[in-house]
Structures are given as structure tokens and as C-alpha cells.
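Below is one structure, written out as C-alpha cells, with a few remarks after it.
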Amino acid sequence: MEKFKAAMVLGAVGDALGYRKGRWERCTSGKKIQEELASLGGLGAQKLDPDNWPLSDATLMHITTAEALVTDYWCLEDLYRELVRLYVEAMVSLQGRAPDPATVEGCVHLKPHNFLLAWHTPFNEKGSGFGAAAKAMCVGMRYWQPERLDSLVEVSIEIGRMTHNHPTGFLGSLTTALFASYAIQGKPLVTWGRELMKVIPRAEEFCRKTIRHMSEYQENWFYFEAKWQFYLEEREIDKEGQNKPSFPDRYDAEETDKLYKRWSSEGRAGRRGHDAPMIAYDALLAAGSDWAELCKRAMFHGGESEATGLIAGCLYGLMHGLSQVPPGLYQDLDKRERLEELGEKLYKSASAERPDSWRTGISPDASKLRKLIRDRNCHPVLRGILESLLHYLTQDLPKWTTRNRNPETPGSTKRQIAKQVWRR
């Protein structure tokens, strides 16, 4: 339980450090950030408080997600409706914190008063940001056991799609949820990336069954996979038995910024759903249990340091707890008591044996729906609801799979296409 509490707290610490009231979040030079930190007395001298080191929107969305996960929901659809309600309400608390634009846009499409379609949002070309990844570690904490992998995959994807309905966005939420579960399971850190690549086909299968108009997702889905595959190859940990990551001899702040930018899709490190978890994971690999080194790599760089700091801090807490973290960084932290309470509740919820809560609802039978709609005694209001449900259920599902992504380029191998994606 203590590591669950530490994870929620240190995630917020990482966010507050990387954010620094928006000052460091907007800085594009990790070297300048680290020089300014040194002028303030160094990391150990800092005392984080709500006024000078507030939490960003990323942690508030992580808190909101955790609050829904610890409710007594009967099925996953009930969980999703509760998340929709809380996400829409959270938009008020995010005022003044420069929230992730994709999160705001996604919440506009959420319908808390529509029982059937509350969380169904359209594909969003701009929904590839880090916001989905930064709020999903608590999903992995709630469904950390290996036998709950299917629930983890479904919930992480659905909560990602609510605000970031784009593969780069919602696969980011799958990644951070998986990594949190691996941390609790005690899987060797160096294997997490390989394990992620094994789970992506399972995520694809889930999406193929539940997402309509999959053609919109094709290239973007493969982009996420290709970025991660090349990252693992660069660190020489892509194959079984490769358990020692390869890092360059020179790895100072300037080199780190250059490397992180290369991993990104538009030059701003950590801005997207693929590279925010990637930077956090890389920092964990390099730092081990050294908290100060983790902060240097995940919280104090020239990218979206609040998002990478939140992810890295949370995962560090699950693995190592608070023992190596200076107390001043968390004793007066904004919302500390609330974070600790959520960590405790997540631990208890994950430990409780409630099989019915893990099941999704029963899918209605289309033929029975038609029979009910034709019934003359059916109330007009109910008939309208049933007709909407029938229309939703009977839309054609395209027979698309990401294993057949590029019909326009016969003769191109998967590797050739991946290299084109990686260079973008």
C-alpha cells in the first residue's frame, strides 16, 4: 500500500517540478533549467508548496481518473459514465492552468446526460498529445494483476479515447497503464518495452471490434509501433536476452534535449502520446533508483517536462517508494492528503475480489431490439432510445487490421515503411 501512495504523490512531485508554475514547462533548454535549479540551491533544497509549485492540469486529470476507478461501479460502462461526468466537471478546475488543448476538445464531445453514447467521441487528428498517457498510470494500479490484462487494455484505451481519440494518444494511455502494472508485478524494467510491443496486437484486436471507421486510424497506429520499435533498437533492448540498455558516453542536458527532440514528432519533446512515456521510461532505465538522476532526465529537460515528470515519478514510486526522495519535495505538496488517500483506495480496490466489476455489460441483441421497436405498446421515448442504440450497433465495422496497412505500396516491406515513419 505504501508504494501505491508513494506513486500518486511522486507523480505529482514530478509534475510540479517539471511545471514550476508554467515557467519550466515553457522553457526549451534543459541546460538553462538545470542552471536555474542550481542557483536556487539544488533539488534537495526545494520545498514544494501549492503557491510556488502548483500541480498542472496533467496531475489533476490523473487524480480525476483515479477518483472514478475507486468508485463502486458494477460494470465498465458504469465506470465510463462516471469518468465522463468527472472529466466534464474537471474542466472548471483546469481554468488558469493552460490545459492540454486535446483534453479540452475531447471533453466538449463527452455527453454525461446521454446514457447510451456518453463517452463516444469522434476521431481527432489533433488528439495525439500526452494528456491520455499522463492520466492512465492509475489504471495500471487498479488492474495490475496479469489475469486482469484484458480489463487494463480496455479501460486504458477507452479512457484515452475519451479525450484523445487518436492512436498516438490512446496507445500512450495503454503504455503508462501497462508500465504501472509491470512495476507492481516486479517485472524487470528493461523488459517493459518489449512486453508493450507484445500487448499492442491485443489492443488492436479490441479496437477492431469496438471502433468504427478504422481507416482513419491506420497510419497513425503504425506510427506509434514504429517509434517504439526503433527506440528499443536504439537502446539495444528489442530482443529477448538483451538486458543491458546502451547509452551514449556523453549524455548531458544539451545532448538529452537533442535526443528527446529526435524521438518526438514535431520537435517538442514529450508532447505526444508515444514519446512522453518513452522519455519517462528512458529516464528510469538510466537513473535506476537514483531520484536526483531521474529528475535531471525526466523533469528538467526542454520539452513537456511536467508530463514526463508525472509519468516517471509515479512509476518510480511504485518501484522504490519515498526512501530516497528529500522530504521537502512532498511534505507540503499540493493535494498531498488527497493523493495518498487515492493511492490507498486504489490498492484496496485492486485487492478486492469483485469479478462482476471486471465484466463489461451485455451487448443487446439487434433482432430483439427491432422486435421491441415494432411493438405498438412501446413508449415513444423508449422507442427513440432503442432506435438510436440499434443504429449504433448495426453500423458496418470495416474489416481492417493494422497488419495490412499500406495497400498503396505493394512491394514495400514493413521495415521500409517503418523507417519512413521514424524519420518524420
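The values are calculated or read from the model by the stated rules, or taken from the named source; none is laboratory data. Everything numeric in this text was worked out from a predicted model, so none of it was measured. Quick reminder, even Gly has a Cβ in these numbers, built from the backbone with ideal geometry, and neighbours come from all protein chains shown.
Considering the range 253-278 alone, what residues qualify as being of a type in the set (D, E, K, R) and touching a residue at least 24 places away in the same chain (Cβ under 8 Å)? Show your work before the answer.
First, pick out the residues of the range 253-278 that are of a type in the set (D, E, K, R): 254-255, 257-258, 261-262, 266, 268, 271-272, 275.
The answer is Glu254, Asp257, Lys261, Arg268, Arg271, Arg272, Asp275.
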Identify, by number, the condition in (1) surrounded by 24 or more Cβ atoms within 10 Å (Cβ to Cβ); (2) of a type in the set (S, T, N, Q); (3) more than 19 Å from Gln34 (Cβ to Cβ) that Thr308 doesn't meet. (3)
I'd like the residue in the range 72-88 that is more than 19 Å from Asp150 (Cα to Cα) and of a type outside the set (A, V, I, L, M, F, W, C) and, out of all such residues, is surrounded by the most Cβ atoms within 10 Å (Cβ to Cβ). Tyr87
If we keep just the residues of the range 327-364 that are aliphatic (A, V, I, L, M) and surrounded by fewer than 15 Cβ atoms within 10 Å (Cβ to Cβ), which is modelled with the lowest pLDDT? Ile362
Whether any residue in the range 188-203 is closer than 21 Å to Thr121 by Cβ and either in the same structural domain as Asp78 (by TED's automatic domain parsing) or out of contact with any strand residue (DSSP E or B) (no Cβ under 8 Å at 6 or more places or on another chain) (or both) is what I want to check. yes
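Mind telling me which of the residues Leu10, Leu55, Leu48, Leu60 ends up being part of a loop (DSSP other than H, G, I, E, B) and under 18 Å from the mean Cα position of the chain (by Cα)? Quick ask: steps written out before the conclusion?
Values: Leu10 fails: part of a loop (DSSP other than H, G, I, E, B); Leu48 fails: under 18 Å from the mean Cα position of the chain (by Cα); Leu60 fails: part of a loop (DSSP other than H, G, I, E, B).
Just a single option satisfies the conditions, and that option is Leu55.
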So which helices (runs of 4 or more DSSP H) are wholly in the range 286-357 and hold at least 2 residues that are under 19 Å from Leu43 (Cβ atoms) and of a type in the set (S, T, N, Q)? 305-320
Test Leu37 against the stated conditions and say whether it is hydrophobic (A, V, I, L, M, F, W, C) and assigned to a loop (DSSP other than H, G, I, E, B). no
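Would you mind stating whether Ser93 is of a type in the set (S, T, N, Q), within 30 Å of Lys348 (Cα to Cα), at pLDDT below 95 and surrounded by fewer than 18 Cβ atoms within 10 Å (Cβ to Cβ)?
Criteria met by Ser93.
Within the range 14-24, can you find the residues that are surrounded by 20 or more Cβ atoms within 10 Å (Cβ to Cβ) and assigned to a loop (DSSP other than H, G, I, E, B)?
Within the range 14-24, the first condition is being surrounded by 20 or more Cβ atoms within 10 Å (Cβ to Cβ), and the residues that meet it are 14-20, 24.
Within the range 14-24, just Trp24 meets the criteria.
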Apart from one, (1) touching an Asp or Glu at 6+ places or on another chain (Cβ under 8 Å); (2) farther than 11 Å from Tyr330 by Cα; (3) surrounded by 21 or more Cβ atoms within 10 Å (Cβ to Cβ) all hold for Lys31; the odd one out is (3)
